[in-house]
1. When only alpha-carbon atoms count, how far does region 446-525 stretch along each of its three principal axes, as whole angstroms with the largest first?
2. For region 392-461, which whole percent of the accessible surface, found with a 1.4 angstrom probe, sits on carbon and sulfur atoms?
3. Out of the total accessible area of region 192-232 (probe 1.4 Å, heavy atoms of protein only), what percent is carbon and sulfur?
4. Compute log10 of I(q)/I(0) for region 242-324 with the Debye formula, placing one identical point scatterer on every Cα and leaving out solvent, at q = 0.13, 0.15, 0.24, 0.25 Å⁻¹, to two decimals.
5. With Rg and the Kirkwood Rh both taken from Cα atoms, where does Rg over Rh land for region 380-525?
6. Sequence-distant or interchain residues sharing an amide H contact under 5 Å with residue 83, placed H: which?
7. ³J(HN,Hα) across region 211-220 via Karplus (A = 6.51, B = -1.76, C = 1.60, θ = phi - 60°), whole Hz, x for Gly/Pro?
8. So what's Rg/Rh here for region 416-457, counting alpha carbon atoms and using the Kirkwood radius for Rh?
Amino acid sequence: MMLSLLQTARSRIATGRALLLCTLLLGAGVWTGCDNMLDIEPQGEQTSASFFTSADDANRALAGAYDALQQQYEVPTYQGAPTFLAGYDMVFGEVASDNAFKGGESQNDQPDIDDVQSFTVNPNNLYIAKMWSSLYEAVTRSNRILNNVPDIEMDEAERADILAQARFIRAYANFYLLQAFGMDPDSNNGPGIVLLTGEVTIGNADQPRSPEPEVWTLIEDDLRAAAQELPTKGELSTSEYGRATMGAANTLRVKAHIFQKEWSEAETLARQVINSGEYRLADDFGGIFRTSGEHGPGSIFEINYAQDANEIEGYYGNVWQASRTTWGFGFKQPTQGLVDAFDSNDPRLDATIIFDGEVMPDGTTVGGATSRSGYHNEKIWIPQNLYPSNQGVGDYEGPSNVRYLRFANLLLWHAEAANELGNAPAALESLNRVRERARQNADNPSGVLPDITTTNQGELREAIYRERRLELAMEDLRFFDLMRQGRADEVLSDAGFVAGTHERMPIPQREIDLSDGALQQNPGY
């Protein structure tokens, strides 16, 4: 049953299937909506409990929870007409940082992204609303699984596996919500987020936010419990790739410890995953981001997308971020500062950045004239023959997966934690493994990216920070890295960042209004 479920999910939890799922669940009153979970009242007379009666129901609900992690291209406006938006991850992860400009056709093209980039964002921003509603949809769908599947008569091992995956998805969503809306990077005692664990949905919640420490506790409890039940990556068939695994749960726990500066816990757990033998660095850095590199040896967790001639429920990034000269919209353009951060002989530079006039492997030439900096993101590049043939309004999607957790990222987290604990040799070992893989992609590796040798804690910390920027550039992590490192004020001050305000995004005003005063706005908005 789980195998057939994930074969479906691997092919995009297809558009037709997703519509059927929404119809079934809306009729059952299970979700509060697939287009807008905040507005649609439950339809029909079935309850969640009466819908969840079989293992098939549990597996369909799990597919819906994974589906909520995908970022689709539109968000319903409160006036009823859909607004086509890019993914919130690129907006808050990179455009809000020093790695990327908004791009697009003009300043009037997606102006809500401009407001994020210039730190003039307000509580009515559509990308804020999309991030909030999408992530709470994942929480809601996970909660319905966790609250109803235990009562289904079904195989116990299958039940335990479904519940573990739901806990992983809930932890993923709560983590993202917390880093966006509720963290205090200095004290780990921020305002937190609304924690939902029962049948209530966010649009009907009249409860205040739980403090940051309570949110971290639930995230860690979910991930710890999930890791105890989930299979390893090596135990999966290839058709099951894209589902949560033990390694994914433990790696997300490492990230949680890193964000809380719990260095000992992070170092111990990271070393455990590293030593598991489940993952290794892929030989070809650039190949990681091609469709042929999906779920490669260094992939710990990916969000699956797909697209073919009959079904399109793909990844927005392939089209939204591609050059306007090659069937793209030209958003999330790399900055000159990012390009200059690379050593000139670093092979990752050419694998990350498309330069003006560059001829791509499919023979197309990319022009940079429509880019503010002249550059485009190569990590989302796909050949022209992989773009959907029936491009139309709303069909601007491609086939690439999102690489959310990579082994190189884990190695750099381990290096950071070890360095903070004063263990320079362990930090250098993990850091230099990443650099070694990168230099092996050079035509002549001699003298390229030599090993870092300093054991001075401050110097090594800066080297690790720099390596994170280069290795993970354009993967939608940079702003949150700067924030949790306490460097956002220093790096982004010229962009308008104000310490004490912009570490957190504003709560959507509509959610505050619907909460009858239970939700309080973040300071400065």
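1. Projected onto its principal axes, the Cα set of region 446-525 covers 63, 23, 22 Å.
2. On the way: 1170 of 2670 Å².
The value for region 392-461 is 44 percent carbon and sulfur by accessible area.
3. That fraction is 47 percent.
4. Taking Cα atoms of region 242-324 as identical point scatterers yields -0.58, -0.73, -1.16, -1.20.
5. Here Rg/Rh amounts to 1.09.
6. 75, 77
7. Those phi angles translate into x, 3, x, 5, 5, 4, 4, 5, 4, 5 Hz.
8. Details: Rg = 11.6 Å, Rh = 10.9 Å.
Using Cα coordinates only, the ratio equals 1.06.
The values are calculated or read from the model by the stated rules, or taken from the named source; none is laboratory data. Predicted, not measured: the structure shown is a model, and the values here were computed from it. Remember, those area values only see protein heavy atoms, side chains included, never the ligands or the DNA or RNA. Shrake-Rupley method; radii C 1.70, N 1.55, O 1.52, S 1.80 Å.
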